[in-house]
Every structure is written in structure tokens, then in C-alpha cells.
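What follows is one structure encoded as C-alpha cells, with my remarks underneath.
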Amino acid sequence: MTSELAISRNADGSLLLALAGDWKLTNRLPSPDSILAELASGQAVQRLAFDTAALAGWDSGLLVFLARVIDACGQVGVTVDRDGLPPGICKLLQLASPENQRSGVTRGEKNPSFLERVADAALDQVKGFKEVLAFIGEVTLAFMKMLRGKGDFRRLDLIVTIQETGAQALPIVCLISLLVGMILAFVAAIQLKMFGAQIYVADVVGIGMVRVMGAVMTGVIMSGRTGAAFAAQLGTMQVNEEIDALETLGFSPVEFLVLPRMLALTLMMPLLCVYSDLMGVFGGMIVGVGILDLGFMEYVHETTAALSLTHFAVGLFHSFVFGILVAIAGCLRGIQCERSASAVGYAATSAVVTSIVCIVVATAIITLSCQVLGI
Amino acid sequence: MNGAEIVKTGSGEPVIDVRGLEMSYGSFVLMRNLDFTINRGDIFIIMGGSGCGKSTLLKHLVGLKQPAKGQILYDGISYWDAGIDEQERLKRRFGILFQSGALWSSMTLAENVAMPLEQYTTLSSAQIRELVSFKLSLVGLGGFEEFYPSEISGGMKKRAGLARAMALDPDLLFFDEPSAGLDPISARLLDDLIIELSESLGTTVVVVTHELASIFAIGNNSVFLDPDVKTMTASGDPKQLLKESPDPKVISFLTRGEGVQQH
């Protein structure tokens, strides 16, 4: 069944709309334009009435049509007589009428000027920097308090976090380090082979992994794995008002939540780094012995000769610093999280970005310092 | 408009028929032997204490969870025995308002309401825009088209969620705790809106709630779930149940524990 519209004009200057058939969205509905044209035609119309005796069915399609016609009548000051409409339609049109709309919600200015935006961004940066400093200060104070034996957190939290950040990270650290060791060996071999000096692959892989790469790779893995998790955990706690609950009971969120996480990560990171060093060297050995035809003992001997405790110490120092950075970045973004579900996702992303940037900058600074100091 | 006094009885023609439904999570049986019928035009209340499986029953009714046993028939068609095309067709008849609106946070209110229309209809974008504006003004949110869900209040989110649920003119509307988290006046206004929409559009409404005021104001049919015996212990008009139910638990629930003399 189709939908039909007939417009007739009575002698008293009223317009009668006869609606017939099935007025549903799935049908091709008549356009209200003909009525709008009639209203604007110049011939005075006082009243608009409806005849719906032949109307078989309707849905939102008819409602939208009527809403538009009634709106147009309102604009040109034509009275609308709704008696001819079914009661259900009258009620719905009443619900949708302008006097039934909510109000009272306002938003800030929509399009601030360019200068305003630049200034806002600059001020945000300053504010963000202050927040970072304040957070680092709080963490330091909490750490000092803990050293004096007054740390206010649950031992169980520390142990669980140590397990999560330590033992449970072993498989992925193992895989990544092994592969990075192999990649280093391949890259070194391309050049060294030309001089028949493949044996020095052991030196490159050994020093490269132990001094920097082991620590950096572990740091990157942990920032993606653990830093993001910290931010998401604390962010969710922020959303659920759990952090407010801690504060009202007199617990410091930094002592109670941040300190155990930072301790756990700072303790576990060097251990993971040692493991990563070992796996990297092993990866290099697989390539050296398996593909470059070096002897097993030969490779081991060359590696031990190349490595010294200084290299190990530098690597461990790196990882210790990374542990602090990743934990602080993760916890900071979590604590700063706003109170919505999307903010948690943003906090996790932001934690990873912050900690990876920090790791790279820290590596550059440490490497340069070692160079200058001749370590 | 005085929604609280409107009492409407369904036309008697069954729309949803639940037969021997058993709901379970793994091997844990939540409810068994659920048998009830929802008629066209009903405002049907699913009631019971916290954690008794009301929301789970709703998930079964909208096809989000498969029954462990039993059948749910819509106009005689069993959802889980039907093919994928038939299921899609049935789903298009459902409109669901989730507890906190469940609006997609990355889209404006207009985009939220337009999504189902763009997906399932062949309307032009101008028609969709007009329809979306009308749906939003139907729930009192005219002029809020370009707002994001994070910019409006909880009550408004529910209204916007309702506009989205009604986008495709469903003949079955499901509500999960519509008054939860709303102040009494907003809750009452939403109740009135549910009645108005159900009356005007002839929509069948299924509501999960334990708000007594809502139950009596809008419901004309109901089912009461009792977690102790793991099945339904009463069904029918809640006002009638309050007067006539022989079950002290039902009376106790409907009178906030004040109706039965115990202890």
C-alpha cells in the first residue's frame, strides 16, 4: 500500500490535508514541499486541518512529515487544528514540541581564537610540568618515609606486583631478547664477514646486548606491558572513586599504590635485564655457531674476553633508571586520569609514550656521560 | 499528562512466549522452569531482588545469551532455532535501553541515533538527519544533536539511549533499570515517557527494575524471580499481585518488607 496526500482549500481559507494509505518510512512518502509552497503562495491561509480517516498505518515517517508541516505553519502564523489526527500522533507531537525540550546544559565557548589556543596549550604544558615535579616530589618523600620504616602499604600488594612485573614477564623478555641478539649478530656479520672477521660478532653482540640493548629492550617491553597496566589499574581506580576512598581514610595514594609498584619494578628490572643479556648473547651464539660456522667454545671464549664487569654495571644502571622511569610514568598517568572510560585508554597510551620517550632520552644521556667520563 | 494513573491492558495477543527457559552460567543454574507470556502493548516488569538474574533474563530475551534449555518465541518464531537472516530480522524489531545509556562516547548524540538508521535503512542523509532530530526531540533532547555523551547528565544520557533504541521504530522495547541513578523527578518523567511512547506507538515494553514506584506506575504485567527456589514464583499485574498474592516473599518485596509480620 502506498501513502497518499491530497490538499484541498476550503472557502473559509482553511487548508485540508487528507492523508491516506500506509505512511511508513519503508514507503516513498510524499514530500511536504507542496504544502510549504501552498502556505507561501500568497493566498491567505488561516487554518490547517487534517483528515486521517483513510490512514491505514504510520510510523516515524508520518511524524517527521507532520512535525515539519506544523513547524512551517508556526512560522507563518497559521493555526493548526490537530483534531483530525489520531490521538497517539497528537501525543507524540506534543512530546516533541519545543516546550518539552530540556535546557540548562551549556558548554564552553566552541571555537576559541588561535592565540587563545596557543596560550592554553602553553599554560597546559607548564601545568603538566608542575604536576610531574610535584608527583616526583611526593614519590621521593614517600620513599624516604619507607626507608625510615613507616611505609604505608600492604606487603601483599608488593609481592603480587613483583610477581606480575618479574616472573610473569620472563617469556616475552626471553623471546624479544633472543631475537634482538640474533638480529645484532646478522647485522654485524654482513660487514665483518667481508674481512673474514666473523669471530668479532661475539664482541658486537656481547657488548651491545650487555651494555645497552638488553636494558633498552627490557625497558621498552616493560613500558608496554607493565607501565600501561599501571596506568590502566590506577585510572580505573580513579574512575571508580577508589582513590578518593583511600584518601578519605587517611591513606596517601602515592604511598599506598605508587610506592609498591615502583619498588617492584625497580627491583625486577635489573633482574630481567640480566636475563635479557643472557638470552641476547645466546641468540648471537645461535647465529654465530649455526650459520657463521664459529666454534661453540670459540664463541664463548671471545664473549668472555670482550665483556667486563664495567659493561654489566653500565647495563644494570640503565635498567635501574628505566625501572624508576617506567613506574613513575605509568603511575603518574594513572593518577592523572579523568573520570571516564575513554580517559583510562588515554592514560594507558600516554603512559607508554611517556615512558618510551623517557627511556630513549635517558639512554642518550647515560651513553654520553659514560663517553665523557671514559667508562 | 499524568502517567501514574494510566492503566492499560494488553490486547491479549502474545508477542513473546517463554517456554521452560533455563538460564545458567556454565554449570551454575541461575533460574529454571520459566514460563510466561508477554502480550502486545504490555508494559511487562521483570522483578526480583538484587542478583536474582533479572538482567540475565533480559539478555536472554534480546538474544544476547543462549538459553541452557527451553525456548523463547517471538510471534511463534523461536529465536535460537531460526536462521541468521531470521535472527537479524527479529533483532531489528528490538530496541534496547542499557542501564547507563551505553551511548558510543566517540560520537555525538545525532551520530549515535543515526547509526542504526544508516545501517538498516535506505533513507537519504537529509531524511536521516530530520528523523534523528525528531527522535531526539521526542525524548526531550531537541537541540542537543551535536553534544557528546560526556557533555550531558546521566538522565539525559538515558533519554538519548532511548532515542537510539527507538531509531528503527521497534515494536519491542527493552529497558534495563531505567530509573537507576536518576533523581525521583527524572525517574518519574522517564516512567511517564515510557507510558506515553508505549500507548502512542503501541510498542510492547519489557522493563527490568526493582523500583517499587516504577513497578506500580507503569507495569500491567510482570514476573517475579525468586533466587532461593531458582524459578519464578509469581506473574501478573503487580497491583493485583500486591492485593492477592499468597506468597509472603512477593508481598514482602512489593511492600519493601513492611507488609508481612515476621520475627
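Structure values in brief
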quantity	calculated
Residue among A:Gly235, A:Gly196 that is touching a Lys or Arg at 6+ places or on another chain (Cβ under 8 Å) and assigned by TED's automatic domain parsing to the domain that holds A:Ser308	A:Gly235
Test result for B:Gly143, at the interface with chain A (Cβ under 8 Å from one of its Cβ atoms), modelled with pLDDT of 85 or more and closer than 27 Å to B:Gly181 by Cβ	yes
Among the candidates A:Thr248, A:Thr218, residue that is hydroxyl-bearing (Ser, Thr, Tyr) and in contact (Cβ under 8 Å) with a residue 60 or more places away in the chain	A:Thr218
Positions within region A:178-207 being farther than 17 Å from A:Tyr299 by Cβ and polar (S, T, N, Q), in sequence order	A:Gln191
Matching option when the condition is aliphatic (A, V, I, L, M), farther than 23 Å from B:Ala187 by Cα and assigned to a loop (DSSP other than H, G, I, E, B), among B:Leu30, B:Leu117, B:Leu64	B:Leu64
Index of the failed condition, B:Ile72 passing every other in (1) surrounded by 14 or more Cβ atoms within 10 Å (Cβ to Cβ); (2) part of a loop (DSSP other than H, G, I, E, B); (3) touching a His at 6+ places or on another chain (Cβ under 9 Å)	(2)
Strands (runs of 3 or more DSSP E) wholly inside region A:1-82 that include at least 2 residues being in contact with a strand residue (DSSP E or B) (Cβ under 9 Å, 6 or more places away or on another chain) and modelled with pLDDT under 85	A:3-9, A:14-23, A:47-58
Residue within region B:138-149 that is surrounded by fewer than 23 Cβ atoms within 10 Å (Cβ to Cβ), in contact with a Ser or Thr (Cβ under 8 Å, 6 or more places away or on another chain) and part of a helix (DSSP H, G or I) present	yes
Filter pass, A:Leu192 being at pLDDT 95 or above, over 30 Å from A:Ala343 (Cα atoms) and part of a helix (DSSP H, G or I)	no
Search result, residues across region B:36-54 that are hydrophobic (A, V, I, L, M, F, W, C) and over 14 Å from the mean Cα position of the chain (by Cα)	B:Phe36, B:Cys52
Single condition B:Ser125 does not satisfy, out of (1) surrounded by fewer than 19 Cβ atoms within 10 Å (Cβ to Cβ); (2) modelled with pLDDT of 85 or more; (3) within 13 Å of chain A (Cβ to nearest Cβ)	(3)
Matching residues, region B:145-182, being under 14 Å from B:Glu111 (Cβ atoms) and touching a Lys or Arg at 6+ places or on another chain (Cβ under 7 Å)	B:Pro149, B:Glu151, B:Ala163, B:Ala167
Evaluation of B:Pro178 against (1) surrounded by 21 or more Cβ atoms within 10 Å (Cβ to Cβ); (2) not small (Gly, Ala, Ser); (3) not in a loop (DSSP other than H, G, I, E, B) (one fails), failing number	(3)
Residue selected from region B:90-120 under the condition within 11 Å of another protein chain (Cβ to nearest Cβ) and surrounded by fewer than 16 Cβ atoms within 10 Å (Cβ to Cβ), by the criterion farthest from the chain's Cα centre (by Cα)	B:Ser106
Tally, over region B:128-138, of residues that are out of contact with any helix residue (DSSP H, G or I) (no Cβ under 7 Å at 6 or more places or on another chain) and at the interface with another protein chain (Cβ under 9 Å from one of its Cβ atoms)	2
Verdict on A:Gly208 being within 16 Å of A:Tyr275 (Cβ to Cβ), surrounded by 14 or more Cβ atoms within 10 Å (Cβ to Cβ) and assigned by TED's automatic domain parsing to the domain that holds A:Phe296	no
Residue satisfying condition, being modelled with pLDDT of 85 or more and either touching a Phe, Trp or Tyr at 6+ places or on another chain (Cβ under 9 Å) or not β-branched (Val, Ile, Thr) (or both), within set B:Gly181, B:Gly219, B:Gly202, B:Gly155	B:Gly219
Residues of region A:9-55 satisfying the condition of being surrounded by fewer than 15 Cβ atoms within 10 Å (Cβ to Cβ) and either within 14 Å of chain B (Cβ to nearest Cβ) or in contact with an Asp or Glu (Cβ under 9 Å, 6 or more places away or on another chain) (or both)	A:Arg9, A:Thr26, A:Arg28, A:Ser31, A:Asp33, A:Gln46, A:Ala54
Positions within region A:1-59 being closer than 17 Å to A:Gln75 by Cβ and free of Cβ contacts under 8 Å to residues at least 24 places away in the same chain, in sequence order	A:Asp33, A:Ala37, A:Ser41, A:Gly42
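The values are calculated or read from the model by the stated rules, or taken from the named source; none is laboratory data. Since this is a predicted model, take the numbers as computed values, not measurements. Glycine also receives a Cβ, built like all others from the backbone with ideal geometry; neighbour counts cover every protein chain displayed.
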